[in-house]
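Taken together, the values in this text are just the output of simple stated rules run on the coordinates, not laboratory data. Owing to the predicted nature of the structure, the values given are computational and were not obtained by experimental measurement. Here Cβ is always computed from backbone atoms with ideal geometry, including for glycine, and neighbour counts include all displayed protein chains.
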Amino acid sequence: MPAEFEGVISGRLTAVIPSYRPDGKLPETVAGLADAGFDDIMIVDDGSGAGYEEIFAACEACPAVTLLRHGENLGKGAATKTAFAYFLEHRAGRDGVVTLDGTGRHLPDDAAACGARMLSEGGKVVIGIRDFAAKGAGVPFGIRIARFITSLMVKLSCGCYVSDTQSGLRAIPAAALPLLAAAEGERYEYGTNMLMAAAAAGIGIAGQKITAVYRGTGKPHFRPIPDTFRIYAQILKFSASSFISYSFDLLAFYLLQKFLAPHIGGASLRLDVVICTVIARVLSCTLNFTLNRNAVFRSKDRLAKTVFKYIAVAVPIMLTSGGLVTLLRRLFGASYPSVVTAIKLLVDTCLYFANYRMQRRWVFAGKKQTITDNNKGKAPGEGL
């Protein structure tokens, strides 16, 4: 056990390994975790079948191992949730869990480092950030691109930037587990949904650089097309309503500019842009509010309360949009409806992300869940 982790991990953290049809790397990972200081290792056999009994039996030979089983393959997310539920019921008093893969891609010392940092930073989720640029990492180009795109989408969708959203090595405080276990998803999309749920609840997220190991590791069970779709579909579900409403807003603005603006007085002050913006935004906001409340965020708050908060966000953004479009129209001398609409598209694209985050974090956030740390104030290594 590395000296810096001695007395820190034991008795406080549980290692969680969701596993489906493992190879010989799984027993090696278990032995490495025990050497790194983990005295409680929870493995979930996600319906691997009878042909893998020997490997799981080799893992159970380690006294620290608890083996949980699914009768059929339910997915990595479902296996992780099973472990979380077991932890919450049977591991009262422990400080949290460290999830990792059993394919050899996560080093036990890195798992211990993430766990130790989580304990020292009190309440934060610590993500193992794989060093893809390291010499000899052997990371496929497609994996690099997928990581970049997913991280960018999570950033734009909820304002939470994690440079490695698909890393399975995560240290999670026990107090956050009930909330994160309720996040949607049964397969690989659950990892992204978990981060979004943490960000929405105000749970801190920190990154810990770890070694990226790809050569000589077990075969992953990630299905490129369906699992990638699941990951992005969850994020797009939150964004789709805003895009639909914005498209409606843009169309309404164009039609109002074309048919209503010529009949509006005060053209010298360009009031037609402001008036058309207001009418289009009222119509699109009504559509957006209805979709977000009932289909996207499924808010259970009182209607009057959410309407008030929605208006408190929508009105300043609407006025900002109208003001900036008017300013840019005068600056560029634009007069054609199509040109003015293009200017509006540019302005509202910039305002869209601020609007979306406010809706997600405040308007439809519901009652804030308080995350408490029952072991706050303990020094690493103290008794439970």
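Within a 10 angstrom radius of the beta carbon, how do H106, H70, H263, H90 rank from fewest other beta carbons to most?
Numbers: H106 28, H70 17, H263 7, H90 12.
Placing the least packed residue first, the sequence is H263, H90, H70, H106.
Note down the net charge around Q257, summing +1 for each Lys or Arg and -1 for each Asp or Glu among other residues with Cβ under 10 Å from its Cβ. Walk me through the numbers before you get to the answer.
Values: positive: K258, K344; negative: D272.
Result for the local shell: +1.
Please compute the length gained on full extension between L327 and E60, using 0.36 nm multiplied by the number of residues separating them and subtracting their Cα-Cα distance.
Working: separation 267, 0.36 × 267 = 96.12 nm, distance 6.96 nm.
Between L327 and E60, full extension yields 89.2 nm more.
With r as the distance between the Cβ atoms of S10 and L88 and R0 = 25 Å, compute the FRET efficiency 1/(1 + (r/R0)^6) and round to 0.05.
On the way: r = 20 Å, r/R0 = 0.81.
For R0 = 25 Å, the calculated efficiency reads 0.75.
Counting Lys and Arg as +1 and Asp and Glu as -1, what is the net charge of the other residues whose Cβ lies under 13 Å from the Cβ of A280?
Numbers: positive: K258, R281, K344; negative: D249, D272, D348.
After counting each charged neighbour, the total is 0.
Only sites in a loop by DSSP and with at most 13 other Cβ atoms within 10 Å count here; which trypsin sites (Lys or Arg not before Pro) in the stretch 301-351 make the cut?
Details: sites: R302, K305, K309, R329, R330, K344; in loops: R302.
In loop regions of the stretch 301-351 (DSSP not H, G, I, E or B), the sparsely surrounded trypsin sites (Lys or Arg not before Pro) are R302.
Relative contact order of the stretch 238-363: what whole-number percent is it, with Cα pairs under 8 angstrom and at least 6 residues apart? Walk me through the intermediate numbers first.
On the way: 95 pairs, mean separation 39.3, N = 126.
Once divided by the residue count of the stretch 238-363, the mean separation gives 31 percent.
Run the numbers for F243 and A312: contour at 0.36 nm per residue of separation, minus the present Cα-Cα distance, in nm. Could you put the intermediate results ahead of the total?
Details: separation 69, 0.36 × 69 = 24.84 nm, distance 2.02 nm.
Result for the pair: 22.8 nm of gain on full extension.
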